[in-house]
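The values are calculated or read from the model by the stated rules, or taken from the named source; none is laboratory data. Bear in mind the structure is a predicted one, so any value in this text is a computation, not a measurement. Positions of Cβ are backbone-derived with ideal geometry, glycine not excepted, and every protein chain shown enters the neighbour counts.
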Amino acid sequence: MKLKNLKTLLLGAGLSILFSTFISNPVQVRASQPEPISIHSWDVNSTSSGATYNWKATTSDYLPNNIEGKTVAGDFDGNGKDEMAAFYDYGGTHTALHVFRADNSGIMRSSTGWEGQSFAASAITGKVVAGDFDGDGKDEIAAFYDYGNVTTALFIFKANNNGTSFTPTKVWESNNFSGSNVVGVVAGDFNGDGKDEISLIYDYGGNDTGMFEFSQASQNSFTGRLAWESKTCDGSRVKNKVVAGDFDGNGKSEIVMFYDYGNAVSSAWTLINNNGSYSSQKSWDSSSFAVSAITGKVASTKYGKGQKDKILAIYDYGDGNQKPAMFSWQQSSGNNLAVKLEFNFTSYDAYKINGRVVIGNFYGNTTRLACMYGGTNNSYMAQKIIACAMSQINQGPSQYTNWFGVSSTTPWCNIFVSWCAYQSSISQDIIPKEGLCYNSAVFYKNQGGWHNKRGYTPKPGDMIFFDWSNRSDSNPDWSGSARWEHIGLVTSVSNGRVYTIEGNTSHLVQEHTYDLTNASIIGYGSPNYK
């Protein structure tokens, strides 16, 4: 099927601790030093009143990283209250679906709703959403499964009557659809028919981005169509920053994509269904708000009954000095979104909730933003240094060169990387304190972390090395430092492009994008974060 042709801890005031409730089915963990983890939540209409702990454990019981990008909320049993559900990656093709259900006091208890030995959780990361797709009043979970080789399938996980067990059904498959190109999946009633549809944002590359809409055609079958396309939208810039809700209160859902132009310039684009045809409109913009700082930390309410939904996000300043903040967006005039600072945290590591932020009515009569917080420190090193580097956009050299003890006229690209590692509490046996790019490359080579450009796909947190004379297209020259001219930090990779943040570019910290085949790239150094 060629679809292109159809085309959401000390957390400010008022912290409330409930109880520690461990998962009822023990999980496989790999952490040597147990660290605390929790699910905590805020009333979205009274966020400054503080958070409530709903569930507590340690990393000897549960590894939050294993559910990153695979966490949803929905009313799976039809009792009028939402549950939190997460696909847990045991490694390989062993996956379980864990359901966190709150009692009337807010205490969450967990159970395993499904477990499979031939279903790789890594294949659905960033491609999971919940909604009522069949209109029966209960939510289901939709997961797009990337088999590789441009083959992708859609699985629907439906709960039994009491919501204790789930059954997966493959309802759609294509051999001309790359799961790795998916940058956002949301659900909502976009046409007002009383059933939810799935909207998937697909990055074709080359500033070509599409939105596919999937709807249930029969009990075990979904159909998809290309409902919107833009030739001037870089899909990678909205990745993990897409939400859906009824933001204008007209009874139909809209899609909001937060677009990162780089260097703290951002906007929100709203996709609106007009009798089956979608149009896009810029609904918010800012020249001093880096939406990269809310990646994986943004979600929307689903109020229903004509009430305007709101978007909430936790903003990671990432510099080690300014603590995170919670922001909200709600429609004001026309289709414009107005942003509001909800509160500033007093102590919080926002990178410890990435891909584990949801909104739901879990207990009582309040809609709550819930996060699973925590994990082993090593598992977050790459995220910490990226967040730190992003917080320095448009800064000049002085604080970095002063820290290193050299003149501000000294080439400082590698000094910047070293400074970010220091600020992120990453030891020098992982990222060296170094001024010369060549010495850093040799360090990674000696640790077994060097990768020539050809045949390697970089990862977020890698170091990227350059020779501006384009003399290193095949194998690097290890004979001396002359050809090792520049270093940056990889923030993401998508559709044959690598996205970086670099010091000493036009004497500032700036974001950049390169084709993976760019002749100036020598290769990559992978720090031993774990």
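Worth a mention:
- Remark: PHE119 matches the filter, which requires a residue to be in a loop (DSSP other than H, G, I, E, B), assigned by TED's automatic domain parsing to the domain that holds ASP260 and within 25 Å of the chain's Cα centre (by Cα).
- Counted residues, the stretch 355-394 - those being assigned to a loop (DSSP other than H, G, I, E, B) and at pLDDT 95 or above: 7
- On inspection, LYS302 does not qualify as outside any loop (DSSP other than H, G, I, E, B), within 27 Å of ALA130 (Cβ to Cβ) and of a type in the set (Lys, Arg).
- Just one of the listed residues (GLY74, GLY69, GLY78) is surrounded by fewer than 17 Cβ atoms within 10 Å (Cβ to Cβ) and out of contact with any Phe, Trp or Tyr (no Cβ under 8 Å at 6 or more places or on another chain), namely GLY78.
- Test: residue in the stretch 74-82 that is in the same structural domain as ASP203 (by TED's automatic domain parsing), over 30 Å from LYS530 (Cβ atoms), modelled with pLDDT of 95 or more and among the polar types (S, T, N, Q): yes
Results for (1) part of a loop (DSSP other than H, G, I, E, B); (2) in the same structural domain as VAL44 (by TED's automatic domain parsing); (3) acidic (Asp, Glu); (4) modelled with pLDDT under 95, shown as yes or no for each residue.
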position: LYS308; (1), (2), (3), (4): yes, yes, no, no
position: LEU312; (1), (2), (3), (4): no, yes, no, no
position: LYS323; (1), (2), (3), (4): yes, yes, no, yes
position: SER328; (1), (2), (3), (4): no, yes, no, no
position: GLY334; (1), (2), (3), (4): yes, yes, no, yes
position: LEU341; (1), (2), (3), (4): no, yes, no, no
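- Being in contact with a Leu (Cβ under 9 Å, 6 or more places away or on another chain), assigned to a strand (DSSP E or B) and closer than 24 Å to GLY496 by Cα is a property that GLY224 lacks.
- Tally of residues being in contact with a Lys or Arg (Cβ under 9 Å, 6 or more places away or on another chain) and within 20 Å of ALA482 (Cβ to Cβ) across the stretch 416-447: 1
- Residues of the stretch 244-273 classified as of a type outside the set (A, V, I, L, M) and under 30 Å from LEU508 (Cβ atoms), total: 9
- Evaluation of PRO458 against (1) outside any strand (DSSP E or B); (2) at positive phi; (3) at pLDDT 95 or above (one fails), failing number: (2)
- Residue match in the stretch 59-70 (condition: under 27 Å from SER347 (Cα atoms), assigned to a strand (DSSP E or B) and of a type in the set (S, T, N, Q)): no
- Taking the stretch 343-352 as the range and being assigned to a loop (DSSP other than H, G, I, E, B) and more than 20 Å from the chain's Cα centre (by Cα) as the test, the residues that pass are PHE345, THR346, SER347.
- Only a single criterion out of (1) crowded, with 17+ Cβ neighbours inside 10 Å; (2) closer than 20 Å to SER199 by Cα is not satisfied by GLY318, namely (2).
- Scanning the stretch 167-222 for residues that are farther than 18 Å from TYR278 by Cβ, β-branched (Val, Ile, Thr) and either touching a Cys at 6+ places or on another chain (Cβ under 7 Å) or crowded, with 20+ Cβ neighbours inside 10 Å (or both) yields a single hit, VAL171.
- Per this entry, ILE426 is counted among residues that are under 26 Å from VAL493 (Cβ atoms), assigned to a loop (DSSP other than H, G, I, E, B) and not assigned by TED's automatic domain parsing to the domain that holds ALA293.
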